[in-house]
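Read the figures in this text as sums done on the coordinates, not as results from a lab. Here the structure is a predicted model, which is why all the values come from computation and not from measurement. As a convention, Cβ positions derive from the backbone with ideal geometry for all residues, glycine included, and neighbour counts pool all protein chains shown.
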Amino acid sequence: MHIADGILSNEVCLGAGVLAAGAIGLSLRKLNDTVSLRTVPLTGMMAAVIFAAQMVKFPLAFAPAYGHLLGGVLAAIVVGPWAGCVAMAIVLFLQMALFADGGWLAYGANALNMGVVGSLGGHAIYSIISRRFAGPRGKIAGAVVAAWLSVVAGSALFSVEFALSHRGGEFDLPKLFAVMTTLHSLVGVGEALITGGVVSYLLAVWPDLIDAPSRPPGVIAGLGRVVWTGAVVALAVAAFLAPFASEGADALEQTAERFKFDKFERTPVALVLPDYEVPIPGVDVSTGAWHKLSVALAGVFGTSAVLGISLVLGRVARTRLAARDAEATHAG
Amino acid sequence: MSHAPAPILKVAHLSYRYPVGQIALCDVNFVVGVNEIVGLVGPNGAGKTTLLLHLNGLLLGTRLAPRNGETASVGTAGYVGAAQNAAGADSNNESRAPVEVLGMPVIPENFPEIRRNVGVMFQDPDDQLFCPTVRDDVAFGPLNLDFPRDEVLRRVAESLASVGLAGFEDRRPHELSFGEKRRVCLAGVLACEPSLLALDEPSSNLDPRSRRGLIEILKKCPAAQIIASHDLELVVELCSRVIVLDQGRIQADGPTREILGNEALMARHGLEVPLSIRYGLEFGKGPR
Amino acid sequence: MSHAPAPILKVAHLSYRYPVGQIALCDVNFVVGVNEIVGLVGPNGAGKTTLLLHLNGLLLGTRLAPRNGETASVGTAGYVGAAQNAAGADSNNESRAPVEVLGMPVIPENFPEIRRNVGVMFQDPDDQLFCPTVRDDVAFGPLNLDFPRDEVLRRVAESLASVGLAGFEDRRPHELSFGEKRRVCLAGVLACEPSLLALDEPSSNLDPRSRRGLIEILKKCPAAQIIASHDLELVVELCSRVIVLDQGRIQADGPTREILGNEALMARHGLEVPLSIRYGLEFGKGPR
Amino acid sequence: MPGDFLDRYSLGNTVCHRLPPTLKIVLAAAVIAGCALLPVAYWPAHGCLACLVFVGLSLAEIPLSYLVHRLALFLPLVLVTALSVPLSRGFAGGWEIAATVVIRSLVAFLAALWLVSTTPFDRLLAAMSRLGMPRLFSALLAFTYRYIYVLFDELARMKTAQRARTFGKRSAWQRWTATTRLVGLLLIRALNRAVRIHGAMVSRGWRGDMRTLD
Ligand SMILES: Nc1ncnc2c1ncn2[C@@H]1O[C@H](COP(=O)(O)OP(=O)(O)OP(=O)(O)O)[C@@H](O)[C@H]1O
Ligand SMILES: Nc1ncnc2c1ncn2[C@@H]1O[C@H](COP(=O)(O)OP(=O)(O)OP(=O)(O)O)[C@@H](O)[C@H]1O
Ligand SMILES: [Mg+2]
Ligand SMILES: [Mg+2]
């Protein structure tokens, strides 16, 4: 998933860099502000764990292939969204600096797609679901869904970045979206299973690790329900409307025209990206039912990505409070 | 240390319970004087590590007033001031910190001063070597004590030399052997020039030669020391006084040979009379 | 073990080099017979752990043919068949696996059979306890051996009882004390009923009582054993024979008291004559 | 663990290794940025940059086999991406764009590789924080870099211990749960270690701000 230099245009790299720097900077500030100094070694250690865990190959039960953990959601669940975001930024930086995995100019885009979305967005989704269903089952379900969505949202974000980089009339954004997200909805299954497996192991062996920051229930219950219902409705709408919208006149195209932003001209392109070329063998996602399905998926993911990121902002105050509750007990 | 009579460390009625867990320390009392080297022995889970973590405020225990009868059997050292009488002591005690270093109570306000004076070496050297190079690591303490750059460099060179690792400044911790890592940890602690050194299992996993080297370094070190160890032979070699801890309580406190030679006491607390003392005693009595 | 004369373990010209690193083992040769308990001693980084990892194929070393002169000084045990003459042995040797257990070469095809027969206990119990409960952990090996459920439960109960932890089945590993963790690890290994037990630093970080308990358990265990340890007193108590390893080579191999009592040899390889032997020898000579 | 598996050639002693790290960062950044800013198919300039990078790499005495190994992992990705441009235009045009994409990626990749292969990671970080990287971030990077070695060691030991008690073939499901446990266990042990490290840092007077010697 790491983007090399030269793939994205300079403007997009810059834009993504600014966004990522904002998110990481904010997370660093949050980290510095926390009551306990302990978060600093915890964050560094979490990054080291993710780095090491990415080297562990998981046999995927249904395919003769191996997967590995990306880890954004796992990090956020264990050490919280801010520390998780910083940890992911560190992992990506080390991979770039030591393995030349991902370009230096594209660091911002990589950090955004894999780190920020995974930890901040993923954690928001996780906490909605885990609060909805009490007990370990809710936590595992939350982890699984969040991990899956984080991968898909990351790929959606990448296709947007890629499309923005090549506005010279080469791209069909909806189709790119469809291909990318469909492929990654498969890649995401691996991530979801691994994250879910690790979380359920943690819950079995050391439940306090994940349970610890218990939040006062009354304050959030009402808000949580509202957000949850809203999310379900939004996702449902996206899933049902997106295919129809794209089949008629392309919704995005219309929007582009209306805003005199006609750079996304439709030309048939078979974009093939290396990481993503294998999955649905023998299925042409550009036509028929598959097309509808994949566009529906794309709609779902796009919506949930946006939802996730916007939710994070709403959660800032609450997380701060919860972190303070949890850590005020420790001296240091 | 101009006030010579004041002890370096004073622990009074210290108790501690882990948030999730049983009571790890219960009414612990002892004093350590200047230049003393005290051994801390006891079975696994006795509370040795927990006790060491209290010495510089990494854990903050509570001060339990002694109740009648219960603590009578525990040998409390005779430092509880005569002014503290039964009732008055109760309320008075609870408001004071259970641990005092160089006369300062171990409370958050005093942490900087106390951490400069108490050096703690942990059991696993990898827990302690968190900087990218040996120099950075040894300099970490002095830098945090706000010493000027020159002074920091001087201390780094000096303490590395004192553990026999001069010239290792640019090495990276993961390239060192286990014994070298241990010694770098010790250098990092010595660089702060502490008045009290607390060592947790300093000889574990060391081969006999490295262990011998460590013993020689510790013998030369001028600071008062508390050494928690299962290696009773090391305790016999280094310490003049031993405290036996079991189930969070002090079970005995006295001269090394007397305590460690007490077969019944040792057996009661999961220990064994070390061979050196067993044979030493028998020598004293003649062969066999 | 109906073929009584065959040794349990045969290591011939074993050499190993870590992918990134120096040579960790170089032309190691020895044999372990049925019921033998062999001590493996040497300084940090000698290659003890590396050697143990070869015994059940966790690492696969190469078989180096001995070159003239170089290996003459290394005490090779007299097991190399007379039929293997200089030139013929060379080509013959290289094609064979350097380690043989119960007559089977340690190669991937034999792994299931070999791992059932060789139990390895590692230094850090936390590396080994990866299941949510003690029962799961001890059952892990037998389950992998495809025993029926009843047999597995019987073995779990039996091996937990033999290490003195009956009734601990439902505890979670991180709630155990250090000594208990060690014993659960041992139970997990014993549950497979191995013929050869390889133990890496079994007494490190144990308090004297747990260490004593471990020694008693090992004394009662019917399997042949190889014990790598810095705790020479434990080696003296358990082993009749000792192998000294340094810089990846066998430096000495012989009866415990002879080898560990050799002051010059010990000093050369970062070891110390254990007190029990030092005093024992002096007793033999009379007082002092 | 004798760990040189991360930045393997950074401890050499060539001209490139002796250059001040800050200068090397600026140089590498200039090459990468310059290459990105060059217009499509401006071959002489692209060629010059490529030559510069190759000269740097050979001065640093980085073995060719190592470069080839690295490139073998990197190139396929970039090549396929680049090829999608002419493919999407029906084999008529876009070859220049494709070539430019490949050259840009290659030069940037090699320049970055040159930088990390001639500078030990701790020096690189020190120089970067001098150039404005947030203190906390570079301190965390150094910390993580240090503990990656410890965790790899721990991971290897846990894997070995697990393998020692597994016999014969296991089903995919069994292998999968075993791997999940491995990662979970690593996480638990690492977090416990983080708490101990925090204790060690605080014991040596740490109050939250990262100080370095330079
Ligand atoms: N983080 C913790 N949370 C809960 N309980 C703990 C924790 N650390 C230790 N304990 C418990 O506190 C008690 C004392 O532990 P401590 O580590 O101080 O023993 P110790 O004497 O150092 O043992 P050892 O010789 O094995 O190092 C034990 O019962 C232990 O289980
Ligand atoms: N995973 C590894 N990769 C590379 N080199 C290694 C690895 N593990 C060990 N070594 C090296 O191999 C040599 C032998 O190591 P080994 O762990 O077998 O020693 P040991 O005798 O067990 O030491 P100790 O008494 O400290 O446990 C050492 O020089 C060590 O640095
Ligand atoms: Mg301890
Ligand atoms: Mg070893």
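Ascending distances from the C:Gly103 label point to its copies in the other chains, with the point 7 Å along the Cα-to-beta-carbon line: 8.0 nm.
3J(HN,Hα) along segment B:43-58: x, 4, x, 6, x, 4, 4, 4, 5, 4, 5, 7, 5, 10, x, 5 Hz, from the Karplus curve 6.51 cos²θ - 1.76 cosθ + 1.60 with θ = phi - 60°, whole Hz, x for Gly and Pro. Taking amide hydrogens as placed 1.01 Å from N in the peptide plane, the amide H of C:Asp253 sits under 5 Å from those of C:Val244, each at least 5 positions away in sequence or on another chain.
If you average 1/r over all unlike Cα pairs in segment D:134-203 and invert the result, what Kirkwood radius do you get in angstrom? All intermediate terms of the calculation are to be shown ahead of the outcome.
Details: mean 1/r = 0.0709 Å⁻¹.
Evaluated on segment D:134-203, it is 14.1 Å.
Among A:145-154, C:51-60, how do they line up from the highest to the lowest mean number of other beta-carbon atoms within 10 Å? Before the final figure, lay out each step's value.
On the way: A:145-154: 29.6, C:51-60: 22.5.
The peptides rank, most packed first, as A:145-154, C:51-60.
With label points set 7 Å from Cα along Cα→Cβ, the inter-copy distances at C:His174 are 2.4 nm, sorted shortest first. For segment A:114-128, the Karplus equation 6.51 cos²θ - 1.76 cosθ + 1.60, evaluated at θ = phi - 60°, returns couplings of 9, x, 5, 4, x, 7, 6, x, x, 5, 4, 5, 4, 6, 4 Hz by residue, with Gly and Pro reported as x. Residues whose amide H comes within less than 5 Å of that of C:Gln225, counting only those at least five positions distant or on another chain, are C:Glu36, C:Ile37, C:Val38, C:Leu197 (H built at 1.01 Å from N in the peptide plane).
Which semi-axis lengths, in whole Å and largest first, follow from the square roots of five times the eigenvalues of the Cα gyration tensor of segment B:186-288? Don't jump to the answer; show the numbers that get you there.
Working: eigenvalues 131, 58, 31 Å².
Ellipsoid semi-axes (Å, largest first): 26, 17, 12.
Does a label point 7 Å from the Cα of B:Asp150, set along Cα-to-beta-carbon, have any residues of segment D:180-214 with amide nitrogen under 20 Å, and which are they? Residues passing the 20 Å test: D:212-214.
For segment B:95-247, the alpha carbon convex hull comes to 132 Å³ per residue, rounded to a whole number. Placing a pseudo-label 7 Å from each Cα along the Cα-to-Cβ vector at A:Val18 and B:Glu216 gives an inter-label distance of 6.4 nm.
The label-point distance for B:Ala6 and D:Arg170, in a model that sets each label 7 Å from Cα toward Cβ, rounds to 5.9 nm. Averaging 1/r across all pairs of distinct Cα atoms in segment D:21-129 and inverting the result yields a Kirkwood radius of 14.9 Å.
Here segment D:43-75 is scanned for amide nitrogen atoms under 20 Å from the site 7 Å beyond the Cα of A:His68 along Cα-to-Cβ, giving D:66-75.
Beyond 21 Å, how much of the Cα-Cα pair distribution for chain D remains, as a whole percent? Could you put the intermediate results ahead of the total?
Values: 15647 of 22791 pairs.
Counting every Cα pair in chain D, those more than 21 Å apart make up 69 percent.
Label-to-label distances for C:Tyr18 across copies, nearest first, come out at 3.1 nm, using points 7 Å from Cα in the beta-carbon direction.
At 20 °C and a viscosity of 1.002 mPa s, what translational diffusion coefficient does Stokes-Einstein give for segment B:9-282, taking Rh as the Kirkwood radius over Cα pairs? Give it in µm²/s as a whole number. Could you put the intermediate results ahead of the total?
Working: Rh = 19.5 Å.
Estimated diffusion coefficient is 110 µm²/s.
Across segment D:53-60, coupling constants 3J(HN,Hα) worked out from phi with the 6.51/-1.76/1.60 Karplus curve, θ = phi - 60°, read 5, 5, 4, x, 5, 6, 4, 7 Hz, and Gly and Pro carry x.
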